[in-house]
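First the structure, in the form of structure tokens, and then the observations on it.
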Amino acid sequence: MTETESVLRKVERTHPTLNGKRVGIQTYAASRTQYLAAAEDMPKEMEKRFDALIHKFFWEHKTARVNKQTLKLPTDEGGQNLVDIKLRNDAIHIVHLASFLGLNGATPRWALVMQDAMRCKVLSTYKALNPEILVNTFLQTWDANKTDLPSDMKRILRVARDNNVLLDAISISPEVRGEMPVWLHQGWSPNKIRRTNDKYARCLQINHRVMTAGDA
């Protein structure tokens, strides 16, 4: 943050045009923080500070004549196409979410760690269950206590919630259906008794290794 402020002060001394300010913001405020935001996450407080820094730099520390949201619009819509730090960070976490869900190919190691962390922080309602049946909260009906998760994990889950990420396929092939977790299945009718922890369910899980719909 300090380094970015210092660089922008140097740019200010050149009395840049509107386009020059936009390029300066993109180069020194957006690009410099993008890698760190992707690797380590950016706290909300830091997002606000960068947003304020960009706004002050654009208006040369004077009273703003146009609000922030208008300036972030594309130029053909009357804005200046200024970077939206929060929106940029959310986009980064949407890419992380796609990796977590395996949409980009093989599931990365950090996603497996995240799944284990969520299983460790499972809501009290599900603590008595066999942890092996807790596969993926997006494919099943269990959930974790998000307040105890690391900030980057909480942000990925918040982005998923805000964008209504859920299992809603028009048509699922028999092969994919067979790979779905059979326990805590999202398609289970709420009017039926769910048996996931009685002696019969435990026997199927532990002795017969019934974990997917195909196994059943």
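The values are calculated or read from the model by the stated rules, or taken from the named source; none is laboratory data. The structure presented is a predicted model; accordingly, all values stated were derived computationally and were not measured. Please note: Cβ atoms are built from the backbone with ideal geometry, for glycine as well, and neighbour counts cover all protein chains shown. Calculation scope for accessible area: heavy atoms of the full protein, side chains included, ligands and nucleic acids excluded. Shrake-Rupley method; radii C 1.70, N 1.55, O 1.52, S 1.80 Å.
Per residue, how much accessible surface does the stretch 56-103 expose to a 1.4 Å probe? Answer in Å², no decimals. Intermediate results must be reported in sequence, preceding the final value.
Working: 2810 Å² over 48 residues.
In whole numbers, the stretch 56-103 has 59 Å² accessible per residue.
Relative to the Cα centre, what is the charge dipole magnitude of the stretch 81-165, using +1 at the beta carbon of each Lys and Arg, -1 at the beta carbon of each Asp and Glu, and rounding to the nearest 20 debye? Write out the running numbers ahead of the final one.
On the way: 11 positive and 8 negative charges, 27 e Å.
In total the dipole reaches around 120 debye.
With charges only on Cβ, +1 for K and R and -1 for D and E, what is the dipole size of the chain about its Cα centre, in debye, rounded to 20? Please report the intermediate quantities before stating the final value.
Numbers: 32 positive and 24 negative charges, 102 e Å.
Dipole magnitude for the chain comes out near 500 debye.
How would you order 89-96, 105-112 from highest to lowest mean count of nearby Cβ atoms within 10 Å? Intermediate results must be reported in sequence, preceding the final value.
Details: 89-96: 18.0, 105-112: 12.0.
Highest to lowest by the protection proxy: 89-96, 105-112.
Just subtract the alpha-carbon distance of TYR35 and GLU60 from 0.36 nm times their residue separation and send over the number in nm, one decimal. Provide the component values of the computation, followed by the final result.
Values: separation 25, 0.36 × 25 = 9.00 nm, distance 2.69 nm.
Here the answer is 6.3 nm.
Can you give me the C-alpha center-to-center distance between the stretch 155-216 and the stretch 1-78, rounded to a whole angstrom?
45
On a 0 to 90 degree scale, rounded to 10, what angle separates helix 44-58 from the longest Cα axis of the chain?
The angle comes out at about 20 degrees.
Once fully extended, how much extra length lies between ARG109 and ASN163, figured as 0.36 nm per residue of separation less the alpha-carbon to alpha-carbon distance?
Details: separation 54, 0.36 × 54 = 19.44 nm, distance 2.42 nm.
Stretched out fully, the ARG109 to ASN163 stretch lengthens by 17.0 nm.
Helix 85-100 against the longest principal axis of the chain: what's the angle in degrees, Cα atoms only, rounded to the nearest 10?
Helix 85-100 and the main axis of the chain meet at about 30 degrees.
Over the Cα atoms, compute the radius of gyration (one decimal) and Dmax (the largest Cα-Cα distance, rounded to a whole number) for the chain, in Å.
Cα-based Rg and Dmax for the chain come out at 23.5, 75 Å.
Treating the angle as unsigned and between 0 and 90°, give the value, to the nearest 10°, between the Cα long axis of helix 109-120 and the longest Cα principal axis of the chain.
It works out to around 60 degrees.
In the stretch 40-103, what GluC sites (Glu not before Pro) fall in a loop by DSSP, with at most 11 other Cβ atoms inside 10 Å? Mind dumping the intermediate values first?
On the way: sites: GLU40, GLU45, GLU47, GLU60, GLU77; in loops: GLU60.
Those satisfying the criteria are GLU60.
Using a 10 Å cut-off on Cβ atoms, rank the peptides 173-180, 51-58, 139-146, 66-73 from the highest mean neighbour count down. Before the final figure, lay out each step's value.
Working: 173-180: 12.2, 51-58: 18.4, 139-146: 16.9, 66-73: 14.0.
Top to bottom by mean Cβ count within 10 Å: 51-58, 139-146, 66-73, 173-180.
Given the options GLY105, GLY178, ILE25, identify the residue whose Cα lies farthest towards the positive end of the charge dipole of the chain (+1 on Cβ of Lys, Arg; -1 on Cβ of Asp, Glu).
Working it through, the farthest residue towards the positive pole turns out to be ILE25.
What pairs from LYS127/LYS192; LYS56/LYS146; LYS154/LYS199; LYS21/LYS86; LYS56/LYS86 go past 24 Å between their alpha carbons? Walk me through the numbers on the way to the answer.
Numbers: LYS127/LYS192 21 Å; LYS56/LYS146 35 Å; LYS154/LYS199 35 Å; LYS21/LYS86 19 Å; LYS56/LYS86 17 Å.
As for pairs spanning more than 24 Å Cα to Cα, those are LYS56/LYS146; LYS154/LYS199.
What length, rounded to one decimal in nm, is gained on full extension from LYS86 through to GLU175, with 0.36 nm per residue of separation minus their alpha-carbon distance? Kindly include the intermediate steps, with their values, before the conclusion.
Numbers: separation 89, 0.36 × 89 = 32.04 nm, distance 3.91 nm.
Going from the current span to full extension adds 28.1 nm.
Given a 1.4 angstrom probe, I'd like the percentage of the accessible area of the chain that is carbon and sulfur, rounded to a whole number. Could you put the intermediate results ahead of the total?
Numbers: 7330 of 13650 Å².
That fraction is 54 percent.
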